[in-house]
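Comments concern the structure below.
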Amino acid sequence: MKSTAHAFKDNIGEALRDANLQQSLSIMKVGFVERRRGAVDRMPEFEALRDRARDIKNHALANLDFYLERFERKVLALGGHVHWAPTAEDARRIVLDLCRQANARTVAKSKSMIAEEIGLNEHLEAHGIAPIETDLGEYIIQLRQEPPSHIIAPAVHLTKDQVADTFHEHHGKLGFTRRLTERNDLVAEAREVLRRKFQEADVGITGANFLVAETGSSMLVTNEGNADLSNTLPDTHIVIASIEKVIPTLEDAAALLRVLARSATGQEWSSYTTFNTGPRRDGDPDGPRSYHVVLLDNGRSSVLGGEMQDMLRCIRCGACMNHCPVYGAIGGHAYGWVYPGPIGAVLDPQLLGLEEAGDLPNASTFCGRCESVCPVRIPLPRLMRHWREREFERRLTPPAVRKALGLWAFLAKRPRLYRVATGIANRALALFGRAQGRYDALPLAGGWTKHRDMPAPQTGGTFHAQWKARGGAVR
């Protein structure tokens, strides 16, 4: 997927002007958040489970080489194959070679963010192989030639009418000429089309939620069962996963599953949980005859042992973006690459570089909602602040911002002068904004404030003044 993260500010403007997107986001903000809250309320031990999930991932990352080698030995012992891909280019080459060995013309794909990260579909298509997305959301956006806008709900940015138009446009040549309007009818039509594709596929490609070192299994959760059809019907199954997906045991997988679905969709469990453990064995009624796991590094090993290692705990539930006010206002496409929302603001600069994705960590007020709902307790605000500091150190921050930060730092180190300056600013803003009661944009900060509700200062003075009036200590 080609990045447009460098155009983040322009993307934001387009997203805010997109009426269909804003309609879809208004529904998403209520649905995911309320369902998660209900699921968490029904599980008193949820916070303890978050601690355990964090500890499992931390242990696996601290011993990543051991568990990856153990996973490889298990896969090989079961008759499978493991391929190590240091870069995205390596991963694309490996998958293409495997597809060619299988004489593949059509590939059934189950949703995989790693495949998006390495641009797999475009690579296969360029070499004459047709990848068919089988997750409903992924299928819709593939028809529309769009990237996913959410980790677990790739077509969440679309309205029902847009989906109906898309099916009407593309399914006519397959004999479906009636424009449908009901959700169940749209799903039924997509199912009928995709069932044919499953039967035509020569290779199945899936991602993996976890790789279990103890058994050599790749584990997948879905709500549609499309991954199961993708990895059992074709003769060749290729799993693409990044190296940090490995965990020690099946018991650890069970613990992580308990926080994954609740955090993602508010479900106690996803509809389907599948463990793939090697190719078909003698006596098995079905399953692939050839089983391959492609392990992608793509810069992740350079994060191990460093200040940003916590980001590798992510289990791709999407809870951070479901609760993020920035994502809720602009959606996923505005971020310009595979991973949107708070985790994208942390992960994308690592994988793309600060020059390309340096604006993403700045799109946060550090409200902390992302960290408060993360099932593996990733300190996302701290990690975003890390990138802001690196951006400042490397002088990538715009000159006006650097000067403003320098002025703020000068005042912040001098509390009395700070209070005098903010008191003057407060009175001025109150005087000029009194008539309207609010500002459409603050002077010298229009880019930051023009899309926010900024009420004019009320009586009582600055925060420090009000704090002092209530008996609080002020230096």
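Side notes on the structure shown:
- Enumeration of residues in the range 175-198 that are in a loop (DSSP other than H, G, I, E, B) and under 10 Å from A164 (Cβ atoms): R179, L180, T181, E182
- Neighbours by Cβ (under 9 Å, 6+ apart or cross-chain): first from the range 399-414, among the small types (G, A, S); second assigned to a helix (DSSP H, G or I) and surrounded by 10 or more Cβ atoms within 10 Å (Cβ to Cβ): A412/Y418
- Residue count for the range 407-423 satisfying the condition of being aliphatic (A, V, I, L, M), under 14 Å from F463 (Cα atoms) and either open to solvent by 100 Å² or more (accessible area, probe 1.4 Å) or under 42 Å from the mean Cα position of the chain (by Cα) (or both): 1.
- The range 227-248, subset open to solvent by 10 Å² or more (accessible area, probe 1.4 Å) and over 22 Å from V376 (Cα atoms), residue farthest from the chain's Cα centre (by Cα): D235
- Filtered by the rule that a residue be without any contact (Cβ under 8 Å) to a residue 40 or more places away in the chain and assigned to a loop (DSSP other than H, G, I, E, B), the range 309-361 gives G353, G358.
Let's see how each residue does on (1) open to solvent by less than 40 Å² (accessible area, probe 1.4 Å); (2) of a type in the set (A, V, I, L, M); (3) more than 27 Å from M311 (Cα to Cα):
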position: A60; (1), (2), (3): yes, yes, no
position: P86; (1), (2), (3): no, no, no
position: A104; (1), (2), (3): yes, yes, yes
position: K111; (1), (2), (3): no, no, no
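- R258 being in contact with an Asp or Glu (Cβ under 9 Å, 6 or more places away or on another chain) and assigned to a loop (DSSP other than H, G, I, E, B): no
- Restricting V82, V75 to residues that are of a type in the set (A, V, I, L, M), part of a strand (DSSP E or B) and buried (at least 16 other Cβ atoms within 10 Å of the Cβ) narrows the list to V82.
- Residue among L396, L405, L429, L417 that alone is in a helix (DSSP H, G or I) and under 30 Å from Q350 (Cα atoms): L405
- Single condition S271 does not satisfy, out of (1) among the hydroxyl-bearing types (S, T, Y); (2) within 22 Å of the chain's Cα centre (by Cα); (3) within 30 Å of L351 (Cα to Cα); (4) open to solvent by 10 Å² or more (accessible area, probe 1.4 Å): (3)
- Qualifying residue in the range 146-153 (condition: open to solvent by 60 Å² or more (accessible area, probe 1.4 Å) and either closer than 25 Å to G331 by Cβ or among the hydrophobic types (A, V, I, L, M, F, W, C) (or both)): no
- Subset of the range 426-451 that is basic (K, R) and modelled with pLDDT of 80 or more - its residue that is surrounded by the fewest Cβ atoms within 10 Å (Cβ to Cβ): R438
- Checked against the criteria, A130 does not count as open to solvent by less than 40 Å² (accessible area, probe 1.4 Å) and among the aliphatic types (A, V, I, L, M).
- From the list R35, R50, the one residue that fits, being within 29 Å of V326 (Cα to Cα) and either open to solvent by less than 70 Å² (accessible area, probe 1.4 Å) or β-branched (V, I, T) (or both), is R50.
- Selected residue (criterion: modelled with the lowest pLDDT) from residues of the range 1-52 that are out of contact with any Phe, Trp or Tyr (no Cβ under 6 Å at 6 or more places or on another chain) and in a loop (DSSP other than H, G, I, E, B): M1
One line per residue, one yes/no per condition, for (1) small (G, A, S); (2) without any contact (Cβ under 8 Å) to a residue 40 or more places away in the chain; (3) in contact with a strand residue (DSSP E or B) (Cβ under 6 Å, 6 or more places away or on another chain); (4) more than 28 Å from D297 (Cβ to Cβ):
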position	(1), (2), (3), (4)
H171	no, yes, no, yes
F176	no, yes, no, yes
A188	yes, yes, no, yes
T222	no, no, yes, no
N226	no, no, no, no
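- Subset of the range 466-475 that is closer than 25 Å to F410 by Cβ and out of contact with any Lys or Arg (no Cβ under 8 Å at 6 or more places or on another chain) - its residue that is most open to solvent (accessible area, probe 1.4 Å): R475
- All positions within the range 146-170 that are in a helix (DSSP H, G or I) and either of a type in the set (S, T, N, Q) or under 14 Å from L136 (Cα atoms) (or both): K160, Q162, V163, A164, T166, F167
- Total residues in the range 384-395 satisfying the condition of being surrounded by 16 or more Cβ atoms within 10 Å (Cβ to Cβ) and more than 23 Å from the chain's Cα centre (by Cα): the figure is 0.
- Scope the range 350-383; condition among the hydroxyl-bearing types (S, T, Y) and either open to solvent by 70 Å² or more (accessible area, probe 1.4 Å) or modelled with pLDDT under 95 (or both); matching residues: S364, T365
The values are calculated or read from the model by the stated rules, or taken from the named source; none is laboratory data. On a predicted model such as this, the values are computed, not experimentally measured, just so you know. Glycine gets a Cβ as well: all are built from the backbone with ideal geometry, and neighbour counts include every protein chain shown. Each accessible area value is taken on the protein alone, full model and side chains, heavy atoms only, with ligands, DNA and RNA left out. Shrake-Rupley method; radii C 1.70, N 1.55, O 1.52, S 1.80 Å.
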